[in-house]
Amino acid sequence: MKRTHLFVTTLLAAAPFIGQNAIAAETWDMPTAYPATNFQTVNAQEFAQCVSDGTGGDINIVIHANGSLFKGNDIKRAVQTGQAQIGERLLSSHENENPIFGTDSIPFLATSYDDSVKLFTAARPELDKVLDAQGLMLLYSVPWPPQGLYFNKDVKDVADMNGVKIRSYNKATARLSELTGMVPISIEAAEISQALSAGVISSLITSAVTGQDSKVWENLNHFYEVKAWMPRNAVIVNKGSFTGLPEKSQAAVKDCAAKAEVAGLQKSKDANDAALETLKKNGMQVIAPAAPFAAELQKIGATMTDEWVARAGGAGASVITAFKK
Ligand code: PCA
């Protein structure tokens with residue numbers, strides 16, 4: 001009651017001044033694909049609060065977590081078409097649109113947090129270009145912890161992976177599966193637990209955090225810390241929704257985004273440490289792959305890197321050069 005009253009009073013007071021650039025408070029839907037308790041979502045929630053505070057309540061971002069408004073795979077299109085004003089998405093899942101989206105999933109290229117930031121900085125100009133052409137703007141991006149392999153058995157080499165059904169979430173996960181003789185099945189994060197229980201899959205490549213979110217210890221028992229890559233979530237906004245804001249609000253959103261990128265990075269590190277402990281506490285073997293196994297994976301990674309470089313052409317080459325500088 002009180003809030004409505006205040007809101008109405010504010011509107012009435014502002015009414016004589018409403019000109020071309022003035023807007024009434026607006027609500028933005030923000031679909032995300034991960035659970036409300038996941039560090040990415042917690043970070044997005046803080047971002048939303050920052051935007052509300054920074055715009056004096058003019059923009060109210062409502063987060064719809066866990067694929068509840070749009071499934072992960074549909075979020076990017078929803079933002080492009082304006083069905084949602086803003087959303088959070090794993091951009092590498094859209095590598096079929098442009099190889100540049102898969103930069104963060106090139107095997108063994110950036111496997112530490114520092115390198116992940118460096119690679120993102122190197123890729124940012126190209127990413128911005130591609131997203132702009134799609135009517136999107138990238139606000140901030142936060143890396144997932146390093147990706148490892150989960151199994152329900154001891155795996156000593158690539159031969160042990162043969163025929164195992166694994167959940168895939170982007171081109172790199174699917175290609176790695178193919179090259180290791182596994183069977184990739186595309187499944188949303190929100191459906192991992194169910195797919196494991198139903199026996200649709202018996203393996204994953206993902207972080208300790210997503211393993212924890214999915215309570216994988218109910219079905220799996222080994223987590224190999226392969227550190228294949230560190231994919232990123234990106235918070236993207238519909239260009240029209242953003243540019244329709246008064247300049248002051250645009251600046252506030254950008255400022256909150258910059259803060260969220262820094263805060264999210266730290267959250268990712270902390271969440272990884274905690275999740276590795278949780279996996280162990282629940283009886284999982286958390287181990288490094290044996291040296292010969294790691295070497296086999298490196299070889300497959302080199303093949304995938306060559307394939308990406310060939311796909312990504314000049315734009316890809318310039319990103320890699322900037323990263324290696
Ligand atoms: N979690 C997300 C992306 C990478 C990760 O660690 C997922 O599995 O969907």
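The values are calculated or read from the model by the stated rules, or taken from the named source; none is laboratory data. Since we're looking at a predicted model, the values are computed, not measured. All Cβ positions, glycine included, derive from the backbone under ideal geometry; neighbour counts span all protein chains shown. Note: areas computed on protein heavy atoms with side chains; ligands, DNA, RNA excluded. Shrake-Rupley method; radii C 1.70, N 1.55, O 1.52, S 1.80 Å.
General remarks:
- Degrees, to the nearest 10: 247-281 long Cα axis against longest axis of the chain: 30 degrees
- 0 to 90° range, to nearest 10: angle between helix 113-133 axis and the chain longest Cα axis: 60 degrees
- Along its principal axes, region 138-210 has C-alpha extents of 42, 25, 19 angstrom, given from the largest down.
- Pair-distance distribution P(r) for region 43-193, from all Cα-Cα distances in 10 Å bins starting at 0: 9, 33, 36, 17, 5, 1 percent.
- Protein accessible area in region 97-209, 1.4 Å probe - carbon and sulfur %: 50 percent
- Counting only DSSP H runs of at least 4 residues, each contributing -39500 (n - 2.57), and dividing by the residue count of the chain, the helix-based mean residue ellipticity at 222 nm comes to -15500 deg cm²/dmol.
- Applying the Karplus relation 6.51 cos²θ - 1.76 cosθ + 1.60 with θ = phi - 60° to region 36-41 yields 3J(HN,Hα) values of 4, 8, 5, 4, 5, 6 Hz, where x marks Gly and Pro.
- The amide H of H64, built 1.01 Å from its N in the peptide plane, has M30, T32 as neighbours under 5 Å, considering only residues 5 or more places off or on other chains.
- Global form of region 228-325, assessed from the alpha-carbon gyration tensor, a/c cut-off 1.5: oblate
- Under 19 Å from K71, Cα to Cα: aspartates and glutamates that are on another chain or at least 8 residues apart: D29, E88, E95, E97, E188, E191, D213
- Considering only the chain, percent of DSSP beta bridges that pair antiparallel, nearest 5: 55 percent
- Label zone at S112 (point 7 Å along Cα-to-Cβ), backbone N below 19 Å, region 147-161: 147-148
- Spatial separation of Cα centroids for region 135-210 and region 274-320, in angstrom: 12 Å
- FRET efficiency, 1/(1 + (r/R0)^6) with R0 25 Å, evaluated for T321 and Q298 via beta carbons: 0.70
- The phi-based Karplus calculation (6.51 cos²θ - 1.76 cosθ + 1.60; θ = phi - 60°) puts the 3J(HN,Hα) values of region 283-290 at x, 7, 7, 10, 9, 7, x, 4 Hz, whole numbers, x for Gly and Pro.
- 1.4 Å probe accessible area per residue over region 75-171, in Å²: 34 Å²
- Exposure ranking of K299, K259, K165 by accessible area [1.4 Å probe, largest first]: K299, K259, K165
- Extension gain for I287-Q49 works out to 81.8 nm (0.36 nm per residue, less the C-alpha to C-alpha distance).
- By average C-beta atoms within 10 angstrom, highest first, the peptides 228-241, 186-199, 116-129: 228-241, 116-129, 186-199
- Cut-off under 5 Å, modelled amide H: who pairs with S203 long-range: R167
- 19 Å reach of a label modelled at V200, 7 Å along Cα-to-Cβ, counting backbone N of region 115-152: 150-152
- Principal axis extents of the Cα atoms in the chain, from largest to smallest and rounded to whole angstrom, are 73, 46, 29.
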